[in-house]
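Chemist: I'd like to ask you about the structure that follows.
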Amino acid sequence: MFEIEFTSQAELDLDWFRKNEQNEIVDAIEVQLQHQPTVETHNRFQLRPNQTAEWELRIGKFRVFYDVDVQAQVVSIEAVGFKIGSKLFFRGKGNGL
(Lines give C-alpha, C1' and ligand atoms only; values in the text may rest on other atoms or scores of the structure.)
Protein backbone atom coordinates (compact mmCIF):
# COMPACT_ATOMS: atom_id res chain seq x y z
CA MET A 1 0.00 0.00 0.00
CA PHE A 2 1.31 3.44 -0.92
CA GLU A 3 1.50 6.30 1.56
CA ILE A 4 -0.15 9.49 0.33
CA GLU A 5 1.46 12.85 1.06
CA PHE A 6 0.28 16.34 0.11
CA THR A 7 2.76 19.08 -0.74
CA SER A 8 2.13 22.45 0.91
CA GLN A 9 0.99 23.75 -2.50
CA ALA A 10 -1.52 20.92 -2.85
CA GLU A 11 -2.83 21.54 0.68
CA LEU A 12 -3.48 25.18 -0.24
CA ASP A 13 -5.21 24.04 -3.44
CA LEU A 14 -7.41 21.61 -1.50
CA ASP A 15 -8.27 24.21 1.16
CA TRP A 16 -9.76 26.43 -1.58
CA PHE A 17 -12.62 23.94 -2.16
CA ARG A 18 -15.78 23.61 -0.08
CA LYS A 19 -15.68 20.94 2.62
CA ASN A 20 -17.90 18.47 0.74
CA GLU A 21 -15.69 18.85 -2.35
CA GLN A 22 -12.56 18.34 -0.24
CA ASN A 23 -14.06 15.13 1.16
CA GLU A 24 -14.95 13.89 -2.34
CA ILE A 25 -11.41 14.59 -3.59
CA VAL A 26 -9.62 13.03 -0.60
CA ASP A 27 -11.88 9.96 -0.63
CA ALA A 28 -11.18 9.40 -4.34
CA ILE A 29 -7.43 9.87 -3.81
CA GLU A 30 -7.44 7.22 -1.09
CA VAL A 31 -9.45 4.75 -3.19
CA GLN A 32 -7.61 5.35 -6.46
CA LEU A 33 -4.00 5.92 -5.41
CA GLN A 34 -3.24 3.76 -2.36
CA HIS A 35 -2.97 0.64 -4.54
CA GLN A 36 -1.32 0.63 -7.97
CA PRO A 37 -1.10 4.41 -8.54
CA THR A 38 0.98 3.85 -11.69
CA VAL A 39 -1.57 1.66 -13.45
CA GLU A 40 -3.30 3.69 -16.16
CA THR A 41 -7.09 3.69 -16.24
CA HIS A 42 -9.73 5.83 -17.94
CA ASN A 43 -9.43 8.44 -15.15
CA ARG A 44 -5.77 7.97 -14.18
CA PHE A 45 -2.93 8.41 -16.64
CA GLN A 46 0.65 9.48 -17.10
CA LEU A 47 1.20 12.98 -18.47
CA ARG A 48 3.69 14.27 -20.98
CA PRO A 49 6.72 15.82 -19.28
CA ASN A 50 5.79 19.05 -17.46
CA GLN A 51 6.75 21.03 -14.35
CA THR A 52 3.74 20.06 -12.25
CA ALA A 53 3.55 16.26 -12.01
CA GLU A 54 3.97 12.97 -13.83
CA TRP A 55 0.41 11.70 -13.32
CA GLU A 56 -3.17 13.00 -13.40
CA LEU A 57 -6.25 11.62 -11.67
CA ARG A 58 -9.66 12.79 -12.89
CA ILE A 59 -12.45 12.96 -10.32
CA GLY A 60 -15.40 14.41 -12.21
CA LYS A 61 -14.48 18.07 -12.78
CA PHE A 62 -11.60 17.85 -10.29
CA ARG A 63 -8.01 17.14 -11.31
CA VAL A 64 -5.33 15.76 -9.00
CA PHE A 65 -1.72 15.93 -10.18
CA TYR A 66 0.72 13.60 -8.49
CA ASP A 67 4.14 11.95 -8.58
CA VAL A 68 4.97 8.41 -7.46
CA ASP A 69 8.11 7.10 -5.78
CA VAL A 70 7.72 3.37 -6.35
CA GLN A 71 10.79 2.46 -4.28
CA ALA A 72 9.60 4.38 -1.21
CA GLN A 73 5.93 3.49 -1.88
CA VAL A 74 4.89 7.17 -1.66
CA VAL A 75 2.39 9.12 -3.75
CA SER A 76 3.02 12.87 -3.59
CA ILE A 77 0.01 15.03 -4.41
CA GLU A 78 1.48 18.09 -6.15
CA ALA A 79 -1.59 20.10 -7.16
CA VAL A 80 -5.40 19.94 -7.05
CA GLY A 81 -7.58 21.90 -9.44
CA PHE A 82 -10.76 21.75 -11.46
CA LYS A 83 -11.59 21.92 -15.11
CA ILE A 84 -14.35 23.75 -16.92
CA GLY A 85 -14.37 22.94 -20.62
CA SER A 86 -10.74 23.04 -21.68
CA LYS A 87 -9.66 25.49 -18.95
CA LEU A 88 -7.85 24.31 -15.85
CA PHE A 89 -8.21 26.30 -12.61
CA PHE A 90 -6.16 26.29 -9.40
CA ARG A 91 -7.64 28.11 -6.39
CA GLY A 92 -10.24 29.69 -8.68
CA LYS A 93 -7.74 31.17 -11.15
CA GLY A 94 -7.28 29.97 -14.71
CA ASN A 95 -3.96 28.29 -15.22
CA GLY A 96 -2.29 25.59 -17.25
CA LEU A 97 0.35 22.96 -16.88
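The values are calculated or read from the model by the stated rules, or taken from the named source; none is laboratory data. A quick note: this is a predicted structure, and the numbers were derived from the prediction, not measured. Methodologically, a virtual Cβ is constructed for each residue, glycine included, from the backbone with ideal geometry; neighbour enumeration extends over all protein chains shown.
Chemist: Only one of GLY85, GLY60 is at positive phi and surrounded by 12 or more Cβ atoms within 10 Å (Cβ to Cβ); which?
Modeler: GLY60
Chemist: Take the stretch 34-45 and flag every residue that is under 24 Å from ILE84 (Cβ atoms) and surrounded by 12 or more Cβ atoms within 10 Å (Cβ to Cβ).
Modeler: Selection gives ASN43, ARG44, PHE45.
Chemist: Could you check, for the stretch 10-22, whether at least one of its residues is touching an Asp or Glu at 6+ places or on another chain (Cβ under 7 Å), part of a strand (DSSP E or B) and among the hydrophobic types (A, V, I, L, M, F, W, C)?
Modeler: No, that holds for no residue.
Chemist: Follow-up question, since we're still on this one. So, ASP67, is that one among the charged types (D, E, K, R), touching a residue at least 12 places away in the same chain (Cβ under 8 Å) and crowded, with 19+ Cβ neighbours inside 10 Å or not?
Modeler: Against the criterion (among the charged types (D, E, K, R), touching a residue at least 12 places away in the same chain (Cβ under 8 Å) and crowded, with 19+ Cβ neighbours inside 10 Å), ASP67 does not qualify.
Chemist: Can you tell me which residue in the stretch 46-57 is modelled with the highest pLDDT, limited to those that are buried (at least 16 other Cβ atoms within 10 Å of the Cβ) and over 19 Å from GLU30 (Cβ atoms)?
Modeler: GLU54
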